[in-house]
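I have placed the structure first, in the form of structure tokens, so that the comments after it can refer back to it.
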Amino acid sequence: MDCHTPLVLPSLLAADFANIASELKRAETPEVKWLHLDVMDGNFVDNISFGPAMIEAVRKNSPLFLDVHLMIHRADHYLDRFIKAGAGNISIHVEANYDTSVESTLKRIKAAGISAGLVLNPHTPFEAVVPYLHLIDLLLVMTVVPGFGGQPFMEKETMPKLTAARDYREAHGLKFHLQVDGGIYVNTAPIARKHGANLFVCGTSFFGPKNTPQTSKDLAASVAF
Ligand code: DX5
Ligand code: ZN
């Protein structure tokens, strides 16, 4: 899949944790190919979600490509466990602390034969990720301050960075995906699409409504241009 093809990614954080197996089935719609998994350490962000054991359990119970978003410090320390658990993409934050460095962590993800992503928070300038763009397969521009689902889309702070990333990518012949995460609904996803995004993480908007086949179609249709 190239970096222009739009794709909707359900975020498991918004699923019913008491019924993960059936929630995984609910995410298997014709439109969905990737599942987004939010790992939070209660330190880099002010919330705790789940770790490698959950990724491994999901891997065994879902055919979807697993997109793992690490909102943790020392991702390099924990990296091998997430690779072993079955991640297809691992995204790390440019703002986090590392025992080694962002660069060497991205290189280790690539060396494991999987996709490497880099993430920047709403208040982090685009310039912070520029030194790493030649190393990555995916750039995630956070559209909320990470930690919790159900927050409003931060259009003003984030859309200019998406456009800057798209322009940089085209000017330098790079191919990384542009992902948005946080507050993505049928009304906000097209805004991000217009500014260059092709991967749309949908938590509350996907798992919230009961009629998932229709919800999935509507979300995919909102970015099909
Ligand atoms: C935010 C997480 C998101 C979250 C999005 O901290 O990284 O992936 O699940 O949730 P919604 O779509 O509800 O804003
Ligand atoms: Zn996320």
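What number of residues within segment 178-204 satisfy the criterion of being within 14 Å of ligand 2 (Cβ to nearest atom), open to solvent by 10 Å² or more (accessible area, probe 1.4 Å) and either polar (S, T, N, Q) or not in a loop (DSSP other than H, G, I, E, B) (or both)?
Counting residues in segment 178-204 that are within 14 Å of ligand 2 (Cβ to nearest atom), open to solvent by 10 Å² or more (accessible area, probe 1.4 Å) and either polar (S, T, N, Q) or not in a loop (DSSP other than H, G, I, E, B) (or both) gives 2.
Is it the case that segment 79-86 has a residue that's of a type in the set (Phe, Trp, Tyr) and open to solvent by less than 10 Å² (accessible area, probe 1.4 Å)?
yes
Show me the helices (runs of 4 or more DSSP H) found entirely inside segment 1-112 where at least 2 residues are over 25 Å from Thr204 (Cα atoms).
Helices (runs of 4 or more DSSP H) meeting the threshold: 75-85, 102-111.
Which pairs have Cβ atoms under 7 Å, sit 6 or more apart or on different chains, and link a residue in segment 8-20 that is more than 20 Å from Ala224 (Cβ to Cβ) and open to solvent by 30 Å² or more (accessible area, probe 1.4 Å) to one that is more than 9 Å from ligand 1 (Cβ to nearest atom) and not β-branched (Val, Ile, Thr)?
Pairs found: Asp16/Glu23.
Find all pairs meeting these conditions: Cβ atoms under 7 angstrom apart; at least six residues apart or on different chains; first residue within segment 60-88 and among the polar types (S, T, N, Q); second residue open to solvent by less than 10 Å² (accessible area, probe 1.4 Å) and part of a strand (DSSP E or B).
Sorted first by the residue in segment 60-88, then by its partner, the pairs are Ser62/Leu35.
Given Thr163, Thr100, which one is open to solvent by 40 Å² or more (accessible area, probe 1.4 Å), over 21 Å from Leu12 (Cα atoms), modelled with pLDDT of 95 or more and more than 16 Å from ligand 2 (Cβ to nearest atom)?
Thr100
Considering only residues of segment 205-221 that are surrounded by fewer than 22 Cβ atoms within 10 Å (Cβ to Cβ) and part of a helix (DSSP H, G or I), which is nearest to ligand 2 (Cβ to nearest atom)?
Phe207
Can you name every residue in segment 139-160 that is within 13 Å of ligand 2 (Cβ to nearest atom) and open to solvent by 30 Å² or more (accessible area, probe 1.4 Å)?
Val145, Phe148, Gly149, Gly150, Gln151
The values are calculated or read from the model by the stated rules, or taken from the named source; none is laboratory data. Quantities reported herein were computed from a predicted structural model and do not represent experimental measurements. Neighbour counts are summed over all protein chains in view; Cβ atoms, including those assigned to glycine, are modelled from backbone coordinates with ideal geometry. Just the protein is used for accessible areas: all its heavy atoms, side chains included, with ligands, DNA and RNA removed. Shrake-Rupley method; radii C 1.70, N 1.55, O 1.52, S 1.80 Å.
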